[in-house]
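Before any comments, here is the structure.
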Amino acid sequence: MALDFQEMEIFQTGPNPNKSVTRKELSATLSALIRRFYVTITSLVSSPIYNRIKGFGTASAAVANTYVVVLSPVVTSLSIGDIILVTFATTNSGPITLDPIAGTAYSVKKQGTVALAAVDIDTTVIYQLLYDGTNLQITL
């Protein structure tokens with residue numbers, strides 16, 4: 001049986017110069033990492049959370065604390081558990097409503113039933129809002 005020169009070539013790895021691996025060992029390790037990465041990404045994409053994200057957009061308020069957002073992709077309805085990702089163009093001065101569907105405004109609550117306080121909204125944050133069947137729940 002002939003030995004393949006590439007299989008015999010030695011590489012030094014990491015901070016320990018006394019530990020070395022062959023190309024074949026390195027290739028097997030990289031293959032295993034790629035398989036794990038693929039499985040992780042596949043699991044994420046097929047997860048219920050990922051599939052519940054309906055859209056993203058920036059909300060603006062022509063009237064104080066009354067925000068409208070055009071989501072991409074366009075959302076025509078929300079079901080319990082649906083998630084939208086939103087940034088806000090302005091901060092709030094009290095409780096807010098958000099209209100993610102033309103003409104349908106929802107109250108935005110934190111911690112279940114608590115209305116937002118002044119300046120709860122930060123214009124530099126992407127918020128995840130969960131539709132609970134009545135309100136949009138925000139995590140601050």
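The values are calculated or read from the model by the stated rules, or taken from the named source; none is laboratory data. Remember, it's a predicted structure, so these values are computed and weren't measured experimentally. No Cβ is skipped: glycine too gets one built from the backbone with ideal geometry, and neighbour counts run over all protein chains shown.
Restrict the check to the stretch 81-89 and report whether at least one residue is at pLDDT 90 or above, farther than 17 Å from Tyr131 by Cα and not aromatic (Phe, Trp, Tyr).
Among the residues of the stretch 81-89, at least one is at pLDDT 90 or above, farther than 17 Å from Tyr131 by Cα and not aromatic (Phe, Trp, Tyr), which makes the answer yes.
Name the strands (runs of 3 or more DSSP E) wholly inside the stretch 50-128 in which the number of residues that are among the aliphatic types (A, V, I, L, M) is 3 or more. Working first, answer last.
Details: elements: 53-63, 66-68, 83-88, 96-101, 104-110.
Of the strands (runs of 3 or more DSSP E) lying wholly inside the stretch 50-128, those with at least 3 residues that are among the aliphatic types (A, V, I, L, M) span 53-63, 83-88, 96-101.
Residues checked against (1) in contact with a Gly (Cβ under 7 Å, 6 or more places away or on another chain); (2) surrounded by 15 or more Cβ atoms within 10 Å (Cβ to Cβ):
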residue: Arg52; (1), (2): yes, yes
residue: Leu71; (1), (2): yes, yes
residue: Ile84; (1), (2): yes, yes
residue: Ala118; (1), (2): yes, no
residue: Thr124; (1), (2): no, no
